[in-house]
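Please read through the structure below; I'll follow up with questions.
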Amino acid sequence: MTTATTSTSKLADKSSGDGLRFYAVWLMGIAALIVLPMIFSSGGSLTSFSLIGIAIVFALSYNILLGQTGLLSFGHAVHYGLGGFAACHMMNAVVSHGWPIPLPFIPLFGGLGGLVFAIIIGWVMTKRAGTVFAMISLGIGELVASSSLILRSVFGGESGITTDRTALPKMFGWSFGPQLQVYYLIAFWLVLSAIAMYALTRTPLGRISNAVRDNPERVQFIGYDPHVVRYLAFCFAGFFAGVAGGLAAINFEIANSAYLGAIQSGLVLFSTFIGGTAYFFGPILGAILVTYLQLGLTSVTSVWQLYFGIIFIGIVMFSPGGIAGLLMMHRPLVRAGTLWTVIPSYFVAIVPTVALACGVILTIETVSRYSGGEAINLFGIGFKPQSPVTWIVAAVLVVGGAFVARLTWRRIADAWDRAATVARDRGYLA
Amino acid sequence: MSAAAIEVRAVEKRFGNVGIIRDLNLSVAQGERHAIIGPNGAGKSTTFNLISGHIRPTSGEVKLNGDVISGLRPFEINRRGLSRSFQVTNVFARMSVWENVRCAVLWATGHRYAFWKNVDSLPEVRERTARILDDIHLTHRRDVPAGLLTYAEQRELEIGITIASGATVVMLDEPTAGMSNAETERAVALIRRLTEGKTLVIVEHDMSVVFGLADRISVLVYGHIIASGTPEEIRRDPKVKEAYLGEEAH
Ligand SMILES: Nc1ncnc2c1ncn2[C@@H]1O[C@H](COP(=O)(O)OP(=O)(O)OP(=O)(O)O)[C@@H](O)[C@H]1O
Ligand SMILES: [Mg+2]
């Protein structure tokens, strides 16, 4: 009995200590969102930040399925897209009926759009997990995407549904015409949604979702119906995807079939997985990285999808826990104070790894531009795709880089093993 | 006299053409400690699966506290107060020991699918989880993912998850299998204490455990119960001697 009470009080200590750090992290995030546009105030960065905010909400909603409940969906953009359409229709209705609903409330209707569809379709979809769920989600995704082109009155056909966000009633005197105001609207909903989705992970439903992810069979023997758990998780994911879609509709003042298609569904899976599904902040990192890559790569290369594919394969093969998993691997080493023994091997590995990456880039660009003949500009150095010099440089970088990089990677692994052993001996799990 | 805790009446189970359970009849009284013994492949785990709703009988009927439960889903049966463990450890591998036990406490404490409560600020859930961790001697391992526990620890966690809901009928499928003598002794003491005042059905191969723990014993051979009685009756039963105990006598 005494032990029981001590362990309970220890738990209380632990959670209050964690609590302080926890609030500090969230407050820092909010502060960053507020000051970002003051530091980077160009129109281009405001647009990027807005897109990233939307992508984060979308990726976090996806992780309710993938990371928390173990459901792999290939059709999550359906809820995003329907949220976008719901928001557009709502905005147009507000304007034409003169309802007193200002723009900041619109994402809520986007969320309802995503939620209603989840409520309708979810019960059948979540009956089974695994491959069955994945296949049905793929089918529903295709179904809705193709319907959006056929059902013109709802989806507006090819051109989609347009709207004018500035025509809604003003709030605090904001018209939401300038991108800065839209950015703050998105940031506000990002914070709200992120807090809500984080809170969800700390509820009985959130924890049982994890249990369903780990072992749906056993869940049945502790009183829970895994079908109901999956269904509820699916509805929450649908709602927040709809919020993200609503934000996108506000940002672009349009909703069209591209919102709910397979590319959008693939992108959110990609962001979430790259970021890492095992930690709440993983999808946030993934969404930031992927949105930046998308914006950055599309302007410098026409084959940006190829790079996405390579990154994805690389992450799946070498770091299945994503970026978040890679970062969190270091936590026991930091605690045990052995991280410094690993860092030098990282620096040694950077040079050949970058050389290898440059070689791969040069090869891809050479192949893709060979017939067109445009010059390649690799970090300020010009290459001609038809010149044998380029081919030789690419080959040397790939082969030599890979050879040396492998050696340095092995050194990282050795250094890592030693550091982890020490960390484990000092009582930190590694 | 109240209804039997578990009443199995004329249950048959076929997998394809093979009859694994044949005309199974079993009655476990309230508060009784009942052991099921029998050779490998006799159908002991299958019997557990039939009673707990994991699989449905081909024919026949199972009653829990007088109500028919055959045909119900496992979670419906669990909510009526029957909880079981698994012969092959069946825990939530990526979740911590603490989370494993807490999940098993949530339904019984009435929190169900709640998504409006903070799971960390439910005092009765926390106290009950802490008490069970203490009972199964895993308090010092509370933050370790269940998948990283040692085998014996996982077996203890398995028992912890099973009793966490506070079910009045507890079924344990070979809880001590693969444990050393010392571990077995500790596990048996644990089982004895945790099932105080409850109905216990246990499958066990270790005869000293069975005869030390059980009020009544049923002997299952080829999917059929050939004898059921007190340890003394079972020890003397010639059919049992022939079919089962004879092999182990020396
Ligand atoms: N799902 C199934 N499909 C087909 N046959 C099965 C199935 N489940 C069990 N069996 C068969 O039923 C028989 C009884 O199995 P069961 O696991 O109940 O035995 P047991 O008495 O628990 O044995 P052990 O002591 O080895 O645990 C075995 O021959 C097994 O192969
Ligand atoms: Mg068995």
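Each reported figure results from applying straightforward, stated rules to the coordinates on display, with no laboratory input. The model shown is predicted, which means the values in this text are computed figures rather than measured ones. No Cβ is skipped: glycine too gets one built from the backbone with ideal geometry, and neighbour counts run over all protein chains shown.
Please state which one of A:I263, A:I222 is surrounded by fewer than 24 Cβ atoms within 10 Å (Cβ to Cβ) and either free of Cβ contacts under 8 Å to residues at least 60 places away in the same chain or at negative phi (or both).
Working: A:I222 fails: surrounded by fewer than 24 Cβ atoms within 10 Å (Cβ to Cβ).
Within the list A:I263, A:I222, the selection yields A:I263.
Just checking, does region B:185-205 include any residue being away from ligand 1 (no atom under 16 Å from the Cβ), within 14 Å of chain A (Cβ to nearest Cβ) and touching a Pro at 6+ places or on another chain (Cβ under 8 Å)?
No, that holds for no residue.
Select from region B:73-89 the residues that are in a loop (DSSP other than H, G, I, E, B) and in contact with a strand residue (DSSP E or B) (Cβ under 8 Å, 6 or more places away or on another chain) and write down the one among them that is surrounded by the most Cβ atoms within 10 Å (Cβ to Cβ).
Here is the first cut: in region B:73-89, the ones in a loop (DSSP other than H, G, I, E, B) are B:73, B:80-81, B:85-89.
Okay, now just the ones that are also in contact with a strand residue (DSSP E or B) (Cβ under 8 Å, 6 or more places away or on another chain), so B:80-81, B:85-87.
Details: B:R80: 16, B:G81: 18, B:S85: 26, B:F86: 23, B:Q87: 15.
It comes out as B:S85.
Now, a different point. Being more than 14 Å from chain A (Cβ to nearest Cβ), within 8 Å of ligand 1 (Cβ to nearest atom), closer than 20 Å to B:V170 by Cβ and polar (S, T, N, Q) is the filter here; which residues of region B:14-57 pass it?
B:T46, B:T47
Within region A:220-241, is even one residue in a helix (DSSP H, G or I), more than 10 Å from every other protein chain (Cβ to nearest Cβ), over 21 Å from A:A93 (Cβ atoms) and of a type in the set (D, E, K, R)?
yes
Also: Of all residues in region B:109-133, which are closer than 11 Å to A:T203 by Cβ and in a helix (DSSP H, G or I)?
B:V119, B:D120, B:S121
Can you name the number of the only condition in (1) surrounded by fewer than 20 Cβ atoms within 10 Å (Cβ to Cβ); (2) in contact (Cβ under 8 Å) with a residue 12 or more places away in the chain; (3) over 29 Å from A:N92 (Cβ atoms) that A:I254 fails?
Just one mismatch for A:I254, condition (3).
In addition: Taking B:S218 as meeting all but one of (1) surrounded by 15 or more Cβ atoms within 10 Å (Cβ to Cβ); (2) more than 20 Å from B:A5 (Cβ to Cβ), write down the number of the exception.
Result: B:S218 passes all but (2).
Would you mind stating whether A:G67 is under 20 Å from A:G286 (Cβ atoms), part of a helix (DSSP H, G or I) and of a type outside the set (A, V, I, L, M)?
Considered against the rule, which asks whether it is under 20 Å from A:G286 (Cβ atoms), part of a helix (DSSP H, G or I) and of a type outside the set (A, V, I, L, M), A:G67 comes out as yes.
So, one more: Of the conditions (1) within 12 Å of chain A (Cβ to nearest Cβ); (2) in contact (Cβ under 8 Å) with a residue 60 or more places away in the chain, B:A177 clears all except one; give me its number.
With respect to (1) within 12 Å of chain A (Cβ to nearest Cβ); (2) in contact (Cβ under 8 Å) with a residue 60 or more places away in the chain, B:A177 is out only on (1).
Cβ-Cβ below 7 Å, separation at least six or inter-chain, first residue in region A:346-360 and in contact (Cβ under 8 Å) with a residue 12 or more places away in the chain, second outside any helix (DSSP H, G or I): which pairs?
Short answer, once both residue conditions are applied: A:C358/A:L378.
Here's another thing I want to ask about it. Could you list, in sequence order, the residues of region B:139-158 that are farther than 18 Å from B:L106 by Cβ and more than 10 Å from every other protein chain (Cβ to nearest Cβ)?
B:R141, B:L149, B:T150, B:Y151, B:A152, B:E153, B:Q154, B:R155, B:E156 - these are the residues of region B:139-158 that are farther than 18 Å from B:L106 by Cβ and more than 10 Å from every other protein chain (Cβ to nearest Cβ).
Right, here's the next one. Taking the condition of being touching a residue at least 40 places away in the same chain (Cβ under 8 Å) and within 16 Å of ligand 1 (Cβ to nearest atom), how many residues in region B:83-99 meet it?
6
Here is a follow-up. Which count do you get for residues in region A:284-303 that are surrounded by fewer than 16 Cβ atoms within 10 Å (Cβ to Cβ) and not small (G, A, S)? Don't jump to the end; show me each part of the working.
Taking region A:284-303 as the starting set, the residues that turn out to be surrounded by fewer than 16 Cβ atoms within 10 Å (Cβ to Cβ) are A:292, A:295-296, A:298-300, A:302-303.
Narrowing further to those that are not small (G, A, S): A:292, A:295, A:298, A:300, A:303.
Residues that pass the stated criteria total 5.
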